[in-house]
Amino acid sequence: MTTTTDTGAETAGLSTPAETMASFVEHVHNRDLDALIKLYEPDAVFRPSSGEILTGTDEIRAGLAQLLALRPTMNVDVTQALTSGDTALVVNQWSMTGTAPDGSEVSDGGRSADVLRRQPDGRWLVLIDHP
């Protein structure tokens, strides 16, 4: 069942840090940029594999749009989730394949560390994304 807050934000599937990570993969596979952005806090920080630091949802949106342009398939395995109060550190083992604009195959993967924070409505959103 999907529930919504007064702002219309979906809470289903975001009640644990691991569920938020699973939602990320689902939204990548669906190429749903708007849904991906809703997984991040407004002042979140994202460091994509290019090494640049993207701050805030506008910059993160641009970075995630580049990711989705690869038409990626991702696998994410949450290997550890440590929670203290409303903050969680989530360690993931991930892999991704996709297609570059020139048609060549792209493959990437590794271990990531993400910091999530529980929102007043119970959702867990990404504060720091460091793949």
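The values are calculated or read from the model by the stated rules, or taken from the named source; none is laboratory data. Quick caveat, the model's predicted, so the values are computed rather than measured. When we count neighbours, we look across all protein chains shown, and the Cβ atoms used for this are built from the backbone with ideal geometry, even at glycine.
Odds and ends about this structure:
- Condition met for residue 112 (within 17 Å of residue 130 (Cβ to Cβ), of a type in the set (S, T, N, Q) and at pLDDT below 95): yes
- Count - residues of the range 39-59 that are under 21 Å from residue 119 (Cα atoms) and either out of contact with any helix residue (DSSP H, G or I) (no Cβ under 7 Å at 6 or more places or on another chain) or in a loop (DSSP other than H, G, I, E, B) (or both): 6
- Residue satisfying condition, being assigned to a helix (DSSP H, G or I) and either surrounded by fewer than 13 Cβ atoms within 10 Å (Cβ to Cβ) or modelled with pLDDT of 95 or more (or both), within set 36, 89: 36
- Meets criteria (on the phi < 0 side of the Ramachandran plot, in contact (Cβ under 8 Å) with a residue 24 or more places away in the chain and of a type in the set (Asp, Glu)) for residue 77: no
- Test for residue 5: is it surrounded by 13 or more Cβ atoms within 10 Å (Cβ to Cβ), farther than 13 Å from residue 129 by Cβ, at pLDDT 95 or above and over 16 Å from the mean Cα position of the chain (by Cα): no
- Looking only at the range 96-131, and only at residues there that are in a loop (DSSP other than H, G, I, E, B) and on the phi > 0 side of the Ramachandran plot, the one that is surrounded by the most Cβ atoms within 10 Å (Cβ to Cβ): 122
- Restricting the range 19-32 to residues that are of a type outside the set (S, T, N, Q) and surrounded by 17 or more Cβ atoms within 10 Å (Cβ to Cβ), the residue that is farthest from residue 85 (Cα to Cα) is 28.
- Within the range 66-80, the set of residues being surrounded by 13 or more Cβ atoms within 10 Å (Cβ to Cβ) and either part of a helix (DSSP H, G or I) or among the aliphatic types (A, V, I, L, M) (or both) comprises 67, 68, 69, 70, 74, 76, 78.
- Residue list for the range 106-131, filter: over 20 Å from residue 48 (Cα atoms), free of Cβ contacts under 8 Å to residues at least 40 places away in the same chain and charged (D, E, K, R): 118
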